[in-house]
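This report concerns only the one structure given below.
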Amino acid sequence: MDSCGNVISLRFNQDHGCFTCAMETGMRIYNVEPLVERKRLDIETVGSLGIVEMLHRTNLVAIVGGGVMPKYAENTVLIWDNLEKRFAIEITFTLPVVAIRLRRDRLVVLLRNQIHIFSFPNSPQRLLTLETCDNPRGICELCPSLEKPLLVFPGHKTGSLQILELNQLDPEASVSPVTIKAHQGELACIAINQQGTMVATASRKGTLIRVFDTSRRTQLAELRRGADPATVYCINFSHDSAYLCTSSDKGTVHIFALKDASLNRRSTFQKMAFLGQYVESQWGLANFTVAAECACICAFGPTANSVYGK
């Protein structure tokens, strides 16, 4: 996500109840509802930051330096313990870190062409290193469910998505992620639901969101964000996976129904099959506008009755 003013990047935590701000002036963590600041680390402590990732609402926060006044290198992951008020873990790589994903038992670190998976949080040990396609934006998501620990990321073939089962990692055996052909163009955004049963993708064209079943690897829905190309910033499922929201550089957040697809709008020409894919897609049941000048992330509240845009 491109920086906007003092903010370099924004991320929701795993339950979407908080969000992090990696800033030129340090780090801020906010509660969503009510909107109040929960934690902060100022520039004197951490310098300017490029990445901040929460672990649910625990005392552990992962950071990576960035911006114009970094105190720590872009190739180093630091885990801040807010109870001890100190850094508890430091891991350095040969290349800059482009993304971090956390769950209660795993730390996932993305470099531009690699994914490193560690045990976590006690004395992290490297479990696996995967060679990936060029992924400068660190596109990747990690399912928080302990029952279905999945990692999803772009495949080597353009437009493909890979799904890796984390509880089957064996350092002595070869690991082969499952591959889904999601789009013709390069992937731009990925989301996985809380249960790990569905994954959503958007390509760089940004007109379509496709939803897949992670077990059967079949397409469940094709959702049309719009007719014009757009940069998709964010996709998220509701907690019960009945709805999906997405934001883009068009300054609009779109909401789609997944459980009851009849709620979504359809083209008035949908019966004319010869017109092709455009009229067959589902359009959002609702949308609202946000400031288009800055990248916006969106997520559902505890129920699907509320959607947040930051």
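Below is a table of values for the structure above.
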item: Only one of I139, I115, I163 that is farther than 16 Å from A191 by Cβ and out of contact with any helix residue (DSSP H, G or I) (no Cβ under 7 Å at 6 or more places or on another chain); result: I115
item: Residue within region 5-27 that is in contact with a Cys (Cβ under 9 Å, 6 or more places away or on another chain), outside any strand (DSSP E or B) and either among the hydrophobic types (A, V, I, L, M, F, W, C) or surrounded by fewer than 17 Cβ atoms within 10 Å (Cβ to Cβ) (or both) present; result: yes
item: Selected residue (criterion: nearest to I115 (Cα to Cα)) from residues of region 55-103 that are of a type in the set (D, E, K, R) and touching a helix residue (DSSP H, G or I) at 6+ places or on another chain (Cβ under 9 Å); result: R103
item: Region 46-82, subset assigned to a loop (DSSP other than H, G, I, E, B) and under 13 Å from G26 (Cα atoms), residue least open to solvent (accessible area, probe 1.4 Å); result: Y72
item: Boolean, Q168 is of a type outside the set (V, I, T), closer than 19 Å to R103 by Cβ and free of Cβ contacts under 8 Å to residues at least 24 places away in the same chain; result: yes
item: Whichever residue in region 182-230 is more than 26 Å from P149 (Cβ to Cβ) and among the acidic types (D, E) and, among such residues, is least open to solvent (accessible area, probe 1.4 Å); result: E222
item: Selection from region 224-241 of residues that are touching a strand residue (DSSP E or B) at 6+ places or on another chain (Cβ under 7 Å) and under 23 Å from P302 (Cβ atoms); result: Y233, C234, I235, N236, F237, S238, H239, S241
item: Test set (1) at pLDDT below 95; (2) surrounded by 18 or more Cβ atoms within 10 Å (Cβ to Cβ) - T246 fails condition number; result: (1)
item: Matching residues, region 279-301, being surrounded by fewer than 20 Cβ atoms within 10 Å (Cβ to Cβ) and either within 13 Å of F12 (Cβ to Cβ) or among the acidic types (D, E) (or both); result: E280, E293, G301
item: Filtered residues of region 213-252 (kept if under 16 Å from the mean Cα position of the chain (by Cα) and outside any loop (DSSP other than H, G, I, E, B)); result: V232, Y233, C234, I235, N236, F237, L244, C245, T246, S247, S248
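So that you can scan it fast, the table gives a plain yes or no per residue for (1) of a type outside the set (A, V, I, L, M); (2) in contact with a Gly (Cβ under 6 Å, 6 or more places away or on another chain):
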residue: S48; (1), (2): yes, yes
residue: N59; (1), (2): yes, no
residue: M69; (1), (2): no, yes
residue: Y72; (1), (2): yes, yes
residue: D81; (1), (2): yes, no
residue: A99; (1), (2): no, yes
residue: L107; (1), (2): no, no
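The values are calculated or read from the model by the stated rules, or taken from the named source; none is laboratory data. Predicted, not measured: the structure shown is a model, and the values here were computed from it. Counting neighbours? That spans all protein chains shown, and the Cβs are built from the backbone with ideal geometry, glycine included. Surface areas here come from the heavy atoms of the whole protein model, side chains and all, with no ligands, DNA or RNA. Shrake-Rupley method; radii C 1.70, N 1.55, O 1.52, S 1.80 Å.
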